[in-house]
1. Quick check on the range A:40-48. Is at least one of its residues at the interface with chain B (Cβ under 8 Å from one of its Cβ atoms) and open to solvent by less than 60 Å² (accessible area, probe 1.4 Å)?
2. Among the residues of the range B:47-61, are any open to solvent by 10 Å² or more (accessible area, probe 1.4 Å), more than 14 Å from chain A (Cβ to nearest Cβ) and modelled with pLDDT under 90?
3. If you take the residues of the range B:256-303 that are within 11 Å of chain A (Cβ to nearest Cβ) and among the charged types (D, E, K, R), which of them is nearest to A:G24 (Cα to Cα)?
4. Which of the following residues is free of Cβ contacts under 8 Å to residues at least 24 places away in the same chain and surrounded by fewer than 17 Cβ atoms within 10 Å (Cβ to Cβ): A:S79, A:S115?
5. So which of B:P123, B:P150 ends up being surrounded by fewer than 24 Cβ atoms within 10 Å (Cβ to Cβ) and either in a helix (DSSP H, G or I) or not hydroxyl-bearing (S, T, Y) (or both)?
6. For the range B:318-338, indicate whether the set of residues that are aliphatic (A, V, I, L, M) and more than 20 Å from the chain's Cα centre (by Cα) is non-empty.
7. Which of the residues that make up the range B:275-334 are in contact (Cβ under 8 Å) with a residue 60 or more places away in the chain and not in a helix (DSSP H, G or I)?
8. Could you pull out the residue among A:L73, A:L91 that is assigned to a loop (DSSP other than H, G, I, E, B) and either open to solvent by 40 Å² or more (accessible area, probe 1.4 Å) or within 10 Å of another protein chain (Cβ to nearest Cβ) (or both)?
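The values are calculated or read from the model by the stated rules, or taken from the named source; none is laboratory data. Here the structure is a predicted model, which means the values were calculated and not measured. Note: ideal-geometry Cβ built from the backbone for every residue, glycine included; neighbour counts use all protein chains shown. Areas reflect the complete protein model, heavy atoms only, side chains present, ligands, DNA and RNA absent. Shrake-Rupley method; radii C 1.70, N 1.55, O 1.52, S 1.80 Å.
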Amino acid sequence: MNILKRIDQMIDSIVSWFVVGVLGLMIVMAFAQVVLRNIFHSNIEWGDIFLRHLVLWVGFFGAIIATGERRHLKIEFVSKLVPKKIHKAFLILTNIFAAIICYFLMQAAIAFVQSEIETGEILILNLPTWYFILVIPIGYAVIAFRFLVHSVVWIWEIFRGHWEVAEVQHL
Amino acid sequence: MKIIFVVLALIALVFLGAPLFTIIGAISLFGFASQGIDTAAIMVELYRLASQPVLLAIPLFTVAGYFLAESRAPKRIVAFAQALIGWMPGGLAVVVLASCAVFTAFTGGSGVTIVALGGLVFPILLAEEYSEKFALGLVTTSGSLGLLFPPSLPIILYGTFAEVSIDNLFRAGIVPGIILVLVIAAYSIYQGRKTNVPRHPFEWKKLWMAFKGIAWEIPLPFFIIGGIYGGYFTATEAAAVTAFYVFIVEVFIYKDLKFTTDVPRVMRESMVLVGAILMILGCAMGLTSYLIDQQVPQQLFAFISQVVTSKIVFLMLLNVFLLMIGMMMEIFSAIVVVPLIVPVAMQYGINPVHLGIIFLANLEIAYLMPPVGLNLFMASFRFNKPIGKLAIATLPFIVVLFIGLILITYVPELSLWLVK
């Protein structure tokens, strides 16, 4: 159980640093593009396409973090009204459901990437499109994994008599 | 029979608190699979997002908003607004409104405003002898004012889903946005007069001091609004400049955020929201293409048009429908209904740009509606007050906002005259 938790935390910190790096690059590069375009009337030709694909990357990484902190958008008022024990049961149930759906989404994404590999289309600078969309199946896979790990941990906690749901700290 | 079971199970999961993107994803997966279409089609649709230039604006505006929220910008905004308009009757209330509206526009989400600014202005309102009821109502209401002003994220998302020009939406939002602020301001001034709250004389020196404090942030709204309205910038370019500028100003000029600790933390934090939004958008793209493929909007229109023949009645139903949607989910999830309502509304002769403004104005108000409006929850959490008390405090504001909503909904020219 502790190994699962540790892997989960490791994923979180790796992804967090990645997000910061990619977003930093995006801020600087997007600004540089505007300056180049409006002042020097020229810009990096592949820049805009590249930046838009980076949005997919930070988006999926952000979603991986959101999974760990239970911060996906959802309707919360019911779970806020029920007792803690029931809330935990809700969390386990919805997390398992989410893991299953993300697994199917991952499969759909793998099929999509495979079809892109077959066509071998080039996106920018001799780099094929599928390099950039690889984040989609990987993202869904990690998200599914985290949903599952969290529900397993909660079930394990219940067996040990802990019905509390740990508050997530953020900002 | 099987379908009914699936639908009931999904509805139950929504209310148990399943992440909405998994529900939307489940419907898309189920829909495509039942038609014998490879589910990879969902991913083809998701990937279409990457072909939209405005996609880049979403993370850039979000991170800029988070940088501002985490810096001392809220304090500077309130101080400046106080020096500028605090002398008017009910001036402090107007200060709160104006600050919150600007702040909400920059941060996109409504929850952030209540947490960041509400906590700041609530004690000041009480100290100035406003009643607690009025103060609570005002702060809760102000949390979503400003969604119609650029560079609000919900506008960008609506434009993406309705396939409407975002620059036009930004132009369309300004007058209705001002109307909503004005009706609340009028009510606040009336209340301020009635309860005789103390007034502060206007002082040039104070204004100058506050101005010096906020000097680096003052250009931002002018720059974004002027740039987009003047046609110098696209929304995406404005986002790029804003994100970079805010970063430099907050980190190196005001030094509110530490480069090594605060900056990575806030960046990570902002991308959690972007990730949550992207998950919904991705699955919603798939669902939309499925619904359009199945001609659901046409069927919906055929069904509705049997009962509803006039545009006015349709708009009334639309208001009720959107208020219900907005009460249950926040704006980023509610965007899912856009592809359904746009084609239907167009059949009734409603301009999709105007529809966008109606959509956002309704959600803005729905946030305040008891029993489950999002702002009530945020304010209850922030000020540690029961929902019921907040609902009562917010009620007069909702009534006043409805006047604005009716104007915005039934007078399309208010939205469209800047667009043409």
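1. For the range A:40-48, residues at the interface with chain B (Cβ under 8 Å from one of its Cβ atoms) and open to solvent by less than 60 Å² (accessible area, probe 1.4 Å): present.
2. no
3. Residue satisfying both the conditions and the ranking: B:R268.
4. Sole residue among the options that is free of Cβ contacts under 8 Å to residues at least 24 places away in the same chain and surrounded by fewer than 17 Cβ atoms within 10 Å (Cβ to Cβ): A:S115.
5. On inspection, the qualifying residue turns out to be B:P123.
6. No, that holds for no residue.
7. Within the range B:275-334, B:Q294, B:M329, B:E330 meet the criteria.
8. A:L73
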